[in-house]
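To keep things clear, I will list the structure first and then write my remarks on it.
The values are calculated or read from the model by the stated rules, or taken from the named source; none is laboratory data. Please read these numbers as outputs of a predicted model, since none were measured by experiment. Neighbour counts are summed over all protein chains in view; Cβ atoms, including those assigned to glycine, are modelled from backbone coordinates with ideal geometry. Side chains are part of the model used for accessible areas, which takes the heavy atoms of the whole protein and leaves out ligands, DNA and RNA. Shrake-Rupley method; radii C 1.70, N 1.55, O 1.52, S 1.80 Å.
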Amino acid sequence: MLRVTTHIDDTMVTLQLEGRLAGPAVIEAERCWQVTCVENPGRPRRLDLRGVTFLDQEGKAFLKRVFQQGASFLSSGCLTRAYVEEITRSCKEGVEGTSEERSPPWRN
């Protein structure tokens, strides 16, 4: 089961995920992400992964997609932190040669 909570302040929108980011829960996370993007255009978006207890392949693919769409991450657990580092490294390698460099997203 996955619980998704949206927090909006003056500077950012945060989608807080708690539980298992796997299987059908990924569809719900994707829907919430899309709604957040539509309702808050131009505002920075972040995923809070500190409460995620499990990631499957679909969950990992979702995280990669939202990172490529400009999301930053908050993560503290070994599971999510290791995967966030993998995403940021692979995406940076994919855009190597561009002048834009992103700081590690979990530090935002």
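The residue of the stretch 65-102 that is modelled with the lowest pLDDT, among those that are open to solvent by less than 70 Å² (accessible area, probe 1.4 Å) and in a loop (DSSP other than H, G, I, E, B), is GLY77. All of (1) open to solvent by 20 Å² or more (accessible area, probe 1.4 Å); (2) modelled with pLDDT of 95 or more; (3) not small (Gly, Ala, Ser) hold for THR53 with one exception: (2).
The set of residues from the stretch 2-31 being touching a Pro at 6+ places or on another chain (Cβ under 9 Å), aliphatic (A, V, I, L, M) and surrounded by fewer than 15 Cβ atoms within 10 Å (Cβ to Cβ) comprises just one member, MET12.
Each row is one residue, and each column tells you yes or no for (1) modelled with pLDDT of 95 or more; (2) among the small types (Gly, Ala, Ser); (3) touching a helix residue (DSSP H, G or I) at 6+ places or on another chain (Cβ under 8 Å).
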residue: MET1; (1), (2), (3): no, no, yes
residue: ILE8; (1), (2), (3): no, no, no
residue: THR11; (1), (2), (3): no, no, no
residue: LEU21; (1), (2), (3): no, no, yes
residue: GLU30; (1), (2), (3): yes, no, yes
residue: THR36; (1), (2), (3): no, no, no
residue: PRO41; (1), (2), (3): no, no, no
